[in-house]
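Asker: Could you have a look at this structure, given as structure tokens, before my questions?
The values are calculated or read from the model by the stated rules, or taken from the named source; none is laboratory data. Here the structure is a predicted model, which means the values were calculated and not measured. With ideal geometry, Cβ positions are generated from the backbone for all residues, glycine too; neighbour counts draw on all protein chains shown.
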Amino acid sequence: MGGHTRSYSDSISSSNESVDGTLSPSKPKTPSRPSLTVPPPPPPRRNCNSNGNSHPSRDSSASSTPTLSTPPPLPSRRTTPDDISEIISPPPSLAARHSINIGSPPRDLASSGDRKPLGSGKLLPPPTRTIAPGDKLPPARRAHSPSSDEESGPEDAYDDPRMLLPDASRASRRPPTLRTPRIHVPAYAAQAVVAGARVLVATHHHLRCFDLSRGGYDNVPLWVGDMKDMGVRDAKVTALELRAGSGGGVVWVGTKEGHLLEVDMDSGEVTASKFGAHAGAVTHIFRYGNAMLSVDDSGKVLVFEPTAASGSDVPSLTFTAPRVYRIAEKPEFVKLLGGLLWTSMRGDTNGSTSTSAPVLRIYDVFTPGSIGRTVNVHPSPAQHVGAVTSGTLLQSHAGYAYLGHEGGFISIWNLAAGPECTDVVKVSSSDVLSLEGVGTRLWAGGRTGVICAYDVMSRPWVVTNAWNAHAGLPVMRIFVDPWSIEKEEKLSVVSIGRDEQIRFWDGLLGVDWIGNELLKRERAFSSFRTINVLVVSWNVDAAKPESLTDDPANLTFLYDALTSVSTTPDIICFGFQEVIDLESRKMAAKTVLLGGKKKGEEGKLSEKVSSSYKRWHDRLVREVRALSEGYTVIHTESLVGLFTCMFVKNSQRTALKDVAITTIKRGMGGRYGNKGGIVARFVIDDSSICFINCHLAAGLHHVRQRNADVAAMLEEKSVFPSSDAVEESLAYVGGGDGSMVLDHEIVFLNGDLNYRIDQRRDAVISAIQSGDLETLHTHDQLLKEMKHNRGFRLRSFREGPLTFAPTYKYDRRSSEFDTSEKKRVPAWCDRVLWRSRDPERVKQLHYQRYEANVSDHRPVSAGFAMTVKSVRADAWARENALAQEAWLGTQVELLAGAREFYVAQALI
């Protein structure tokens with residue numbers, strides 16, 4: 001069902017009937033600390049740690065000391081002696097932090113030798129908690145609404161900014177591929193360095209050097225070396241780095257035995273060595289200007305700086321005497337950023353907690369006698385920020401450093417202020433494993449193999465690119481090869497994944513620049529025409545079409561909807577919900593087990609299940625036929641109460657291609673289809689259109705669950721089969737191939753979205769009766785999410801003004817809002833939204849409700865004038881060539897800026 005897709009031809013062979021009778025397809029301020037002096041970099045390094053740029057920081061917490069009201073009594077339950085002891089003697093740290101004042105316990109409970117039987121005494125009064133000065137206030141409590149649905153649970157939180165992810169709705173999925181070599185880099189055991197077209201990979205005691213300009217693409221190395229043959233017996237390589245001043249032609253090699261070697265990239269010969277430089281394994285080697293650093297697990301750092309006595313401008317393993325510096329033992333993270341050595345280890349060193357904040361220490365290794373400084377991740381609560389995994393600098397924000405953390409966080413550090421953490425941003429629901437600054441974008445790799453590029457100049461951050469780089473496996477490392485600027489006139493970004501492959505990406509994202517340039521030139525190679533689209537959405541609450549009787553509003557509903565567009569619509573989409581009774585246990589069991597599966601004759605669906613869909617299908621066909629004979633059903637699909645039926649004018653059928661329809665289950669954690677969506681798509685001319693008919697999670701307080709349902713449908717990786725003609729048709733957007741919903745140029749979404757109004761029932765009804773609907777807009781959950789939730793996946797969608805009364809919930813065949821015992825709050829549950837790459841391509845003609853009263857919902861419809869394009873291939877080729885030419889000039893400017901940055905950072 002969730003992966004079931006029907007093609008256009010399959011639809012033709014289905015039992016859908018055209019109206020003409022033919023078969024048709026269907027964080028408080030901290031005390032000041034002594035600043036850590038940023039070291040003057042060794043010649044010819046340039047000090048780049050001070051910067052006049054300002055950076056936004058979070059507001060300080062309130063300094064007042066309010067007292068919380070006493071919470072209600074604890075619920076009665078069976079308690080153990082350990083439970084009572086814990087209540088009497090809370091942890092000192094907790095009491096100190098929250099100023100907990102607990103009255104003396106009853107004497108019989110305080111005695112450890114004679115306790116009352118379990119459950120026989122009164123529970124202790126709940127503690128009174130006083131918020132200390134500077135502590136963050138807890139979220140305000142709100143009484144449970146007596147009119148909430150039976151499915152309502154704990155209230156969702158709107159105001160936790162750490163839970164709001166950057167907007168990724170318009171991110172490009174096109175991989176910025178630069179090279180595609182086949183070089184095996186074993187997970188965990190391998191090290192790799194890159195300088196232009198040269199790649200050196202070390203695995204245990206073996207070295208392999210590839211030249212990608214001379215056949216390295218076929219995994220054929222230029223040379224292969226063994227540590228034993230190179231004069232180092234039983235040595236395993238644990239660190240690699242290009243030597244300073246070598247132009248990327250000489251590599252320093254660190255081993256598990258503490259040796260340091262110098263290897264020539266061209267010949268594979270060892271040109272210098274320092275045996276036993278470290279007592280243990282060399283874990284990291286860094287270059288900075290004309291200096292080199294090596295680090296081992298015991299905390300010993302060797303600083304190699306060229307001196308006049310050495311007679312050379314570059315450090316030498318043979319002639320340069322290193323200076324010894326000490327740092328903390330066994331750091332989990334080590335990185336040289338801005339001339340400072342950043343280290344980190346987990347905060348739970350005693351194993352007491354897994355949520356303690358990481359401990360960061362920063363060392364000025366280039367200033368002899370300097371002392372390291374411990375810094376904290378701010379703003380609070382820091383305990384939610386995981387261990388440090390990666391760190392980087394960013395060209396567009398040169399005065400700041402960025403650290404990646406487990407838990408999906410990135411912390412931002414002002415280098416001129418200490419360094420000091422100024423902000424923490426939540427970017428992912430899983431760990432940030434790798435991080436690299438590239439121009440104006442922050443590239444991050446996670447556990448799913450996807451690399452995301454973030455625009456950090458906007459607030460909030462925006463995901464501009466997101467592509468699957470390593471076949472769904474973790475991205476372990478991302479780094480820039482600055483030597484590629486001089487050697488190849490490119491900015492190469494390298495990633496290494498758990499798939500044991502090394503990938504090369506264009507750091508300038510040239511393919512996206514060209515794509516955006518072509519969009520500006522679209523009118524030069526495209527022609528346009530306008531067609532009308534009608535979307536009708538209704539939760540029928542298991543009503544049959546024959547129940548549309550008695551009241552004139554029932555009798556004329558379908559005719560009124562079909563004629564709501566001044567001219568007959570070219571595309572009509574009916575999206576119904578609850579076509580069958582989801583409250584009926586017997587019927588729900590049948591549809592949960594069988595619904596949406598197309599059976600053969602032997603295992604076909606129960607007639608009681610399928611007949612409801614067929615009745616509505618036949619009624620819609622008759623109504624459309626009465627409007628005009630020139631329509632054909634192109635899509636029809638059902639999913640446990642959901643039903644979609646789409647018509648297209650016969651005059652438009654020849655312009656259709658890539659027609660497909662499928663279902664996505666969201667009920668019970670994605671296992672069943674009682675909640676979910678039906679997704680249909682087609683390409684008309686050279687514009688891709690997608691329609692979603694959905695039924696989201698119910699309940700007044702289940703906002704997060706509804707948001708998750710939306711995200712699941714919009715971000716499902718393979719809803720449709722990918723198109724083979726993307727390059728020719730240019731129908732899909734964002735580098736997509738049509739397999740995802742957001743690959744489509746225009747998306748319409750309708751259904752019972754179930755977003756409610758956060759207001760008292762009597763206040764809502766009073767506002768409706770007085771016609772003051774605008775006062776309810778500020779309390780509408782969907783509008784609030786679209787305005788305030790940075791990570792809400794419908795934020796890029798639009799909706800017409802809600803000028804009609806809420807469509808839910810009514811007594812059947814009545815205009816009275818729910819008079820049952822539950823007395824639900826009226827709400828705009830039934831909605832129609834749209835999204836277009838170019839907002840000017842979709843104009844809403846109307847958005848209204850109808851008064852058909854056979855359901856507890858009122859139906860709604862929305863009419864649109866939609867502009868579609870046709871691409872002229874020869875004109876597109878001409879404009880593409882011009883865009884490519886324009887990119888060459890822009891690339892020269894971007895490379896010059898990148899080179900200046902890496903020279904300032906003493907990396908080249």
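Asker: Given the criteria in contact with a helix residue (DSSP H, G or I) (Cβ under 7 Å, 6 or more places away or on another chain), acidic (Asp, Glu) and not assigned by TED's automatic domain parsing to the domain that holds Gly735, does Glu517 qualify?
Answerer: Here the answer is yes, as Glu517 does meet what is asked.
Asker: Only one of (1) farther than 22 Å from Asn789 by Cα; (2) at pLDDT 95 or above; (3) not in a strand (DSSP E or B) is not met by Arg477, so which one is it?
Answerer: (3)
Asker: Check Phe720 against each of (1) in a loop (DSSP other than H, G, I, E, B); (2) out of contact with any Asp or Glu (no Cβ under 7 Å at 6 or more places or on another chain); (3) modelled with pLDDT of 90 or more and name the one condition it does not meet.
Answerer: Looking at each condition in turn, Phe720 falls short on (3).
Asker: Go through the residues of the stretch 447-462 one by one and say whether even a single one is within 24 Å of Met345 (Cβ to Cβ) and surrounded by fewer than 21 Cβ atoms within 10 Å (Cβ to Cβ).
Answerer: There is at least one residue in the stretch 447-462 that is within 24 Å of Met345 (Cβ to Cβ) and surrounded by fewer than 21 Cβ atoms within 10 Å (Cβ to Cβ).
Asker: When the stretch 289-331 is examined, which residues are found to be hydroxyl-bearing (Ser, Thr, Tyr) and touching a Gly at 6+ places or on another chain (Cβ under 8 Å)?
Answerer: Ser294, Ser298
Asker: Taking interchain pairs and intrachain pairs at least six residues apart, which have beta carbon atoms under 6 angstrom, with the first residue in the stretch 230-257 and under 18 Å from Val903 (Cα atoms) and the second of a type in the set (Val, Ile, Thr)?
Answerer: Glu241/Ile285; Leu242/Val193; Leu242/Val251; Arg243/Val250; Ala244/Val314; Gly245/Val314
Asker: Pull up the stretch 167-203, narrow it to residues that are touching a Cys at 6+ places or on another chain (Cβ under 8 Å) and either of a type in the set (Phe, Trp, Tyr) or not in a strand (DSSP E or B) (or both), then point me to the one that is modelled with the highest pLDDT.
Answerer: If we take residues in the stretch 167-203 being touching a Cys at 6+ places or on another chain (Cβ under 8 Å) and either of a type in the set (Phe, Trp, Tyr) or not in a strand (DSSP E or B) (or both), then Ala171 is modelled with the highest pLDDT.
Asker: Mind telling me which of the residues Ala881, Ala877 ends up being outside the structural domain of Phe817 (by TED's automatic domain parsing), more than 30 Å from Ile485 (Cβ to Cβ) and small (Gly, Ala, Ser)?
Answerer: When all the criteria are applied, what remains is Ala877.
Asker: Now, a different point. Identify all residues within the stretch 618-653 that are buried (at least 21 other Cβ atoms within 10 Å of the Cβ) and of a type outside the set (A, V, I, L, M); write none if there are none.
Answerer: Within the stretch 618-653, Tyr631, Thr632, His635, Thr636, Glu637, Ser638, Gly641, Phe643, Thr644, Cys645, Phe647 meet the criteria.
Asker: For the stretch 281-292, state whether one or more residues are of a type in the set (S, T, N, Q) and surrounded by fewer than 18 Cβ atoms within 10 Å (Cβ to Cβ).
Answerer: no
Asker: Is it true that Asp581 is in a loop (DSSP other than H, G, I, E, B), at pLDDT below 90 and under 37 Å from the mean Cα position of the chain (by Cα)?
Answerer: The answer is yes for Asp581.
Asker: Shifting gears a bit: Mind checking which residues of the stretch 406-462 are of a type in the set (Asp, Glu) and over 18 Å from Asp167 (Cβ atoms)?
Answerer: Listed by number, the residues that qualify are Glu406, Glu420, Asp431, Glu436.
Asker: Every residue in the stretch 247-272 that is surrounded by fewer than 17 Cβ atoms within 10 Å (Cβ to Cβ) and either in a loop (DSSP other than H, G, I, E, B) or modelled with pLDDT under 90 (or both), please.
Answerer: Gly247, Gly249, Asp266, Ser267, Glu269
Asker: Could you please let me know if Thr803 is modelled with pLDDT of 95 or more, of a type in the set (Val, Ile, Thr) and over 16 Å from Arg756 (Cβ atoms)?
Answerer: Taking the combined requirement at face value, the residue satisfies it.
Asker: Just name the residue that is surrounded by the fewest Cβ atoms within 10 Å (Cβ to Cβ) out of those in the stretch 795-840 that are under 32 Å from the mean Cα position of the chain (by Cα), in a loop (DSSP other than H, G, I, E, B) and aromatic (Phe, Trp, Tyr).
Answerer: Applying the filter and picking the extreme gives Phe797.
Asker: Test Asp856 against the stated conditions and say whether it is buried (at least 20 other Cβ atoms within 10 Å of the Cβ), of a type in the set (D, E, K, R) and at pLDDT 95 or above.
Answerer: yes
Asker: In addition: Condition first: modelled with pLDDT under 90 and not in a loop (DSSP other than H, G, I, E, B). Now tell me which residues in the stretch 723-749 satisfy that.
Answerer: Within the stretch 723-749, Val726, Glu727, Glu728, Ser729 qualify.
Asker: Mind checking which pairs have a first residue in the stretch 765-776 that is farther than 12 Å from Pro826 by Cα and among the basic types (Lys, Arg) and a second that is in a helix (DSSP H, G or I) and modelled with pLDDT of 95 or more, Cβ under 7 Å, 6 or more apart or different chains?
Answerer: none
Asker: In addition: Arg756 passes all but one of (1) buried (at least 22 other Cβ atoms within 10 Å of the Cβ); (2) touching a Ser or Thr at 6+ places or on another chain (Cβ under 7 Å); which number fails?
Answerer: Among (1) buried (at least 22 other Cβ atoms within 10 Å of the Cβ); (2) touching a Ser or Thr at 6+ places or on another chain (Cβ under 7 Å), Arg756 violates only (2).
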